[in-house]
Every structure is written in C-alpha cells, then in structure tokens.
Amino acid sequence: IYADPAKRLELYFRPKDPYCHPVCANRFPTSTMLLRVRRRTKKKQQLDTEEQIQPEVQFEMEILGIVTTVYKFQGMSDFQYLAMHSGPDGKQTSMYDKVLMLKPEKEEFFNRDLPLYIPPPIFSRLDTPIDYFYRPDIQHRSGYNNPQVSGENLIGLSRARRPHNAIFVNFDDEEIPAKPLDAAVQNWKKVCTNPVDKKVEEELRKLFEVRPVWSRNAVKANISVHPDKLKLLLPYLAYYMLTGPWRSLWVRFGYDPRKHPEAKIYQVLDFRIRCGMKYGYAATDMPVKAKRSTYNYSLPITVKKQGSHTVSVHDLKQGLGTAGTSGARKSPSSRYKLKESVYIFREGALPPYRQMFYQLCDLNVESLQKIIHRNDGTESECTERDGWCLAKTSDDLRDSMSLMIKQIIRSTRPALFSNTTSSEDGKEQLAYESGEDEDDEEEEEEDFKPSDGSENEMETEILDYV
C-alpha cells in the first residue's frame, strides 16, 4: 500500500471473517518525529512504616527517525455485515459454520436446508458522511431537445451530447456524408488559432489524400497532435464507420468504400492473441501482459482518486498541442506520436496489446497479403462480414498471425514447448521463421508505453464522441 500513493490503507476488525468490511485510511504527508520514551521508576527505601514515600520517576526520550507519511482513519466503521439469521423470536443465530467451507466437504454439506442468506454485492462507495444538496434541473444549451420517452425505455439521457459533432455511419446506410457538420467546422476553427494547429490540419488532409480510411491510432502514429485536439479535428475531415468491415475507422468525406473494391485493403481485422494450454502456453506465460486483471482488483472505496485537469477550449487555444510537461523531453514534432506498432503488424514482433484492430494494408507480411489479395479483380459483392474479401478471410488471417506469434513465444521461451514439440510443430516453425532480431523486437514492445487515450478499443473511441 505504501508503494502506491493512490491506494488507501485497509484495516479489518475481523481478519478471519471474509464478510468483514474494512475501514480505510487516507494518506497524508507530514513532517514529524518518531520518539522512543522510557519511563523508569526508582523506589526509595522506606524508613518509617507510617509514611508512604512516592517512587522517583524518570523519563528518557530518544529520536528514532523522521516520519514523512501518515495514514489517518477518518471514515465511519459501522459498515459491517454479519452472516446471521433472525429467528421468529428475534434471536440471532450465526451461520458461519453453515456458509463457510473451510475444508473439502461431502455432498451432504451442500444439500442441507438453510435460511436464505444473500450478502450485499457491494458496500457503499462513501465512508464519510456528506450533505446531499439537491440540484436544479440541468440547463442544456440552446437547441437541445429532450429525447422521447417510450414505454420500452423510461431512462432518458442525463446530459447533452458532447460537442465533437462526429457523423456516424452504419454499413446499411444508403448515403455517406460529403461534408462535416457546421458545428464541427466551428469547433475546429475555435481552437485552430496557431500555426502548429494549421500545420497538423494540412498533414491530416494529406494523409486522407494518400489513404482515404484511417484508424485513430494510425493517425496518432503519423502526426503529433494532442488527443483533445484530435477529437475535434477528425470530425472536421472524416466520418466514423460504426458497423461493417470498416467499423471503428475514419473515412474521408465523400468516399464510400462499399463502392470501391480496392478499399478492401483498408478493412479492419479484429485480432486477439490466443492463449491457453492447447496453444502451448497459459495466460500467465504470455509476454504481452493484459491491461487489467481481475486478480488485482480494488474496490472503489479503497482507491484514492486523483484530481484530473479538465481541458477547456481556452486551454486548446493557448496552444495545448505545443505545450506540456513532456516538452523538455520530446520535440513538438513527436511529443504525442505513438509507435507504429500500435497499428502495423510485422513478422517477428509481438503486438503491444492482446487485442488489436489492424487494417489489412498494415499487415506487413507477404503471406498475409497473399491471403488478402486472393480474389483481386474478381470482387463481386461487398458484404457486412467480409467486405470485398473472400469468405472467412479474417479467420485465415487470424490463424496465420496466431501461428507467427506462437513461433515468437517458442523462440523466446523454449521451455514452454519442450514437452509439446512435434513434427507438425517443426513444419510450422520452418514455414514461419521469426527472424534474427526477434529478441530485440520483443524487448522493445515490452517497453511500449501508450499515451493517454491510445487503447485500441473501438468502444472507447465511440464514447468519446457520443
């Protein structure tokens, strides 16, 4: 706990009780001293039995050190829940011996008739008393209309849409937008006030001229722009595909990939690294670590949230794209750039995440490109699942990519495959050799630190604009 300043110190009054709810202490900086105090009592000889002589007391103090951090328990400690049952006469009966399985039990233990006991799924997120001040109704901006409430959906929106004004298009929509919304143009003009922003706009225009379809991570790997400004710039130059083979991608205004067979190279591939004993390695042996783990979960009340700095339009006008705490370390041309590994797949290199969204043209492996271009010149129909590619092309690509990753793990950790090597595996290894510099590549990817907002998850990106 001390190693992580964002966590709170937990105290359990009943450590052996799994239903015991802890009290949490907040961390505070301090400058105090730790003292050791000794109290010495020296009894004097008593000459007269009638007189009582007070013993002589002496105190000795020694400074042991300086305390720089303290934890103070300031919350309430009465959030407790006991495994008890109330009888008809109001008598409380403990149920710990009935609900806790401390050793392997026989079938009779699970077939006993017990009173209904349902522990709460979660305790209160607050452990300090607060005054709740009722607020007036939300005052929306002019032009906002409350959503229609039907019998099927009684819960309406609690706030207006974020003012990014992106245009969302589904695969089955007939028309595609040719220009941005007026609000998107106005929002970008408000923050595009310095030469650096105008240069970024021109760079993004050139990217869309060279390639009409881009993912957000691919854009962030090619130009240096602050994430908050990119949220306003993308809706100014492109629309967002929600479904179909180009889902989660930004498409240049006026370009419809459903009408151009050559747009199949821009389709998205949802690739997830396979792990399990049937692949020769478990999840704990995976070189690419997960972003989050259920084994290291902290309740909301045990985490001290840090105050975040909200970015306003005024901050963006002041050149947020060229200022920041990392300015002393990186030049403005690469301060917000991501590594190309966030959108390009290369043979012999591990992906930075366990789930990646690749565009087919960014799979820089000759064998994968052969799978993609198997039907060049004979594309007849664009389907929502496979786009302009042959059926199950995505499955074939995933199988080949998984095999390549298996070879990388095999070469870096041969002990995992020492008992599972077969002649068939040997053929696979010859077919997909990972290269001479794979160790260097693998180490480089493990050190990859994505910047804020670079998670390769399209759900996260949609929420940014909805």
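The values are calculated or read from the model by the stated rules, or taken from the named source; none is laboratory data. Bear in mind the structure is a predicted one, so any value in this text is a computation, not a measurement. So basically every Cβ, Gly included, is an ideal-geometry build from the backbone, and we count neighbours across all protein chains shown. Protein only, heavy atoms only, side chains kept; ligands, DNA and RNA dropped before computing areas. Shrake-Rupley method; radii C 1.70, N 1.55, O 1.52, S 1.80 Å.
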Query raised in the report: Given the conditions (1) more than 26 Å from the chain's Cα centre (by Cα); (2) at pLDDT 95 or above; (3) open to solvent by less than 40 Å² (accessible area, probe 1.4 Å), and given that Arg252 satisfies all but one, which numbered condition is not satisfied?
Result: (3)
Requested in this report: Test Lys289 against the criterion of being charged (D, E, K, R) and either in contact with a Gly (Cβ under 6 Å, 6 or more places away or on another chain) or modelled with pLDDT of 70 or more (or both), and give yes or no.
Outcome: yes
Query raised in the report: Among (1) surrounded by fewer than 22 Cβ atoms within 10 Å (Cβ to Cβ); (2) in contact with a Phe, Trp or Tyr (Cβ under 6 Å, 6 or more places away or on another chain), where does His260 come up short?
Result: (2)
Query raised in the report: In this structure, is Ala218 open to solvent by less than 20 Å² (accessible area, probe 1.4 Å), out of contact with any Asp or Glu (no Cβ under 9 Å at 6 or more places or on another chain), among the small types (Gly, Ala, Ser) and under 28 Å from Cys361 (Cα atoms)?
Result: no
Report task. Identify all residues within segment 263-276 that are open to solvent by less than 30 Å² (accessible area, probe 1.4 Å) and assigned to a loop (DSSP other than H, G, I, E, B); write none if there are none. Result -> Gln267, Ile273
Query raised in the report: How about segment 19-45: which of its residues are open to solvent by less than 90 Å² (accessible area, probe 1.4 Å) and in a loop (DSSP other than H, G, I, E, B)?
Result: Tyr19, Cys20, His21, Pro22
Query - Complete set of residues in segment 77-122 that are open to solvent by 60 Å² or more (accessible area, probe 1.4 Å) and touching a helix residue (DSSP H, G or I) at 6+ places or on another chain (Cβ under 8 Å) - result: Met101, Arg112, Leu114
Report task. Tell me which residues, restricted to segment 198-215, are touching a helix residue (DSSP H, G or I) at 6+ places or on another chain (Cβ under 8 Å), within 26 Å of Glu384 (Cα to Cα) and surrounded by fewer than 23 Cβ atoms within 10 Å (Cβ to Cβ). Result -> Leu207, Phe208, Arg211, Pro212, Val213
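Yes/no matrix, rows are residues, columns are (1) in contact (Cβ under 8 Å) with a residue 12 or more places away in the chain; (2) over 29 Å from the mean Cα position of the chain (by Cα); (3) crowded, with 18+ Cβ neighbours inside 10 Å:
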site: Tyr336; (1), (2), (3): yes, no, yes
site: Glu340; (1), (2), (3): yes, no, no
site: Pro351; (1), (2), (3): yes, no, yes
site: Gln355; (1), (2), (3): yes, no, no
site: Leu363; (1), (2), (3): yes, no, yes
site: Ser367; (1), (2), (3): yes, yes, no
site: His373; (1), (2), (3): no, yes, no
site: Glu379; (1), (2), (3): yes, yes, no
site: Glu384; (1), (2), (3): yes, no, no
**Report entry** So Leu232, is it touching a Cys at 6+ places or on another chain (Cβ under 9 Å), over 30 Å from Ile409 (Cβ atoms) and either buried (at least 18 other Cβ atoms within 10 Å of the Cβ) or hydroxyl-bearing (Ser, Thr, Tyr) (or both)
**Finding:** yes
